[in-house]
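K.L.:
Sharing a structure here in structure tokens format.
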Amino acid sequence: MIDYKLARSRYDEKTGLFVPNGDNGGAFAAFSPAYLVSNEDLRSAMNMLQPHGADVLTVAGSGDQPIFYKLYGANNVDTFDISYVAKVMMDVKTVAIQKLNNGQYRQMLNGINTARGIADVPEYKTIQSICPVDSQEFIHKMHGVEYYLRGGLWSDSAPFASEYDVLKKSVNGNFNFIWTDLDNLAGRLNKKYDQMYLSNILQYGCSVRRVSRIANDLADCLKPRGQIMLQVSPYFIWDELRVYEQLGRAVSKWANVRMVQSKTHCMCVLRKL
């Protein structure tokens, strides 16, 4: 259960951010604002990840990460995030895909981008009753608090009309969500995956010791030949590359490490032996 009084009290109106919990390096908190749409080039990422038929664990992020995994043919997709807001955004988008057409979906995103709260958006009101109850409650009780990042909307971050038709068939329910930070994720998992997509989370607190510890903790949750995918952020590229270059020795007992590059992405891939 969420202590909404505490959640609202963590919000700093001066900065428009939630005060970090103090137990995760100070970067993010349990109610940190989520992006309205992803700032990642997820189509390029999915072309690198090749998830068709895979059982996947991915950061929930803006909710677009699991949605694009399904778009590109992933079998089952589970999600995790330190911020509960990621679940809320994911649930709203998932239900909207099932019930709204592409034009209405994009209109909903534009409405959320300008509204003070999701509850005020007409398209959300039409799907509210079938949204997961916990996300409905969050949207209602956190009304007036800026728990998502408004601003620029990248039109190509949302599904195109042709992609939306595919999602209508492949997104059949809500994604399983684990509310946890990355450092404690392994202890919350009870199944094995073909792919774990950690995006660029590890750019925060990017040290060989931390990255190797998290990777080693997650090793038992991978299927044979399973992969952990670490996206390299262009803003921290040299710091991350130095760490990832040393990672091979730290995980050599169970994985091979390689760097994969495209025009827009650099990915560190740990493949289970």
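The values are calculated or read from the model by the stated rules, or taken from the named source; none is laboratory data. What you see is a predicted model; the values in this text were computed from it and never measured. Neighbour counts run over all protein chains shown; Cβ positions are idealised from the backbone, glycine included.
K.L.:
On the basis of being under 23 Å from Val260 (Cα atoms), touching a helix residue (DSSP H, G or I) at 6+ places or on another chain (Cβ under 9 Å) and of a type in the set (S, T, N, Q), does Gln65 make the cut? So that I can check it myself, show each step before the final result.
P.N.:
Working: under 23 Å from Val260 (Cα atoms): yes; touching a helix residue (DSSP H, G or I) at 6+ places or on another chain (Cβ under 9 Å): yes; of a type in the set (S, T, N, Q): yes.
Judged against the criteria, Gln65 is a match.
K.L.:
If you don't mind, there's one more thing I want to ask. Suppose we keep only residues that are of a type in the set (Ser, Thr, Tyr) and crowded, with 16+ Cβ neighbours inside 10 Å within the range 154-169. Which one would you say is farthest from Ile97 (Cα to Cα)? Step through it out loud before you land on a result.
P.N.:
Residues of the range 154-169 of a type in the set (Ser, Thr, Tyr): 155, 157, 162, 164.
From what's left, crowded, with 16+ Cβ neighbours inside 10 Å: 157, 164.
Working: Ser157: 15, Tyr164: 8 Å.
In this case the residue turns out to be Ser157.
K.L.:
Here's another thing I want to ask about it. Which of the residues spanning the range 224-243 are within 21 Å of the chain's Cα centre (by Cα) and either buried (at least 16 other Cβ atoms within 10 Å of the Cβ) or not aromatic (Phe, Trp, Tyr) (or both)?
P.N.:
Taking the range 224-243 and keeping what is within 21 Å of the chain's Cα centre (by Cα), we get 226-237, 240.
Hits for the range 224-243 are Gly226, Gln227, Ile228, Met229, Leu230, Gln231, Val232, Ser233, Pro234, Ile237, Glu240.
K.L.:
Right, here's the next one. Just name the residue that is farthest from Val269 (Cα to Cα) out of those in the range 175-197 that are modelled with pLDDT under 95 and under 14 Å from the mean Cα position of the chain (by Cα).
P.N.:
The selected residue is Asp181.
K.L.:
Which residues, taken from the range 166-218, are aliphatic (A, V, I, L, M), more than 20 Å from Val260 (Cα to Cα) and part of a helix (DSSP H, G or I)?
P.N.:
Residues of the range 166-218 aliphatic (A, V, I, L, M): 166-167, 171, 178, 182, 185-186, 189, 196, 198, 201-202, 208, 211, 214-215, 218.
Then keep just the ones that are more than 20 Å from Val260 (Cα to Cα); that gives 166-167, 171, 178, 182, 185-186, 189, 214, 218.
Of everything in the range 166-218, those that are aliphatic (A, V, I, L, M), more than 20 Å from Val260 (Cα to Cα) and part of a helix (DSSP H, G or I) turn out to be Val166, Leu167, Leu182, Ala186, Ile214, Leu218.
K.L.:
Looking at the range 43-66, which of the residues that are within 10 Å of the chain's Cα centre (by Cα) and part of a helix (DSSP H, G or I) is surrounded by the fewest Cβ atoms within 10 Å (Cβ to Cβ)? If you could, list the steps in order and put the result at the bottom.
P.N.:
We begin by selecting, within the range 43-66, every residue within 10 Å of the chain's Cα centre (by Cα); these are 57-66.
After this cut, where a residue has to be part of a helix (DSSP H, G or I) as well, the list is 64-66.
On the way: Asp64: 23, Gln65: 25, Pro66: 29.
Once the filter is applied, the top-ranked residue is Asp64.
K.L.:
Within the range 73-83, which residues are of a type outside the set (Asp, Glu) and either surrounded by fewer than 21 Cβ atoms within 10 Å (Cβ to Cβ) or at pLDDT below 95 (or both)?
P.N.:
Our first condition is that a residue be of a type outside the set (Asp, Glu); within the range 73-83, this holds for 73-77, 79-80, 82-83.
Passing the criteria: Gly73, Asn75, Asn76, Ile82, Ser83.
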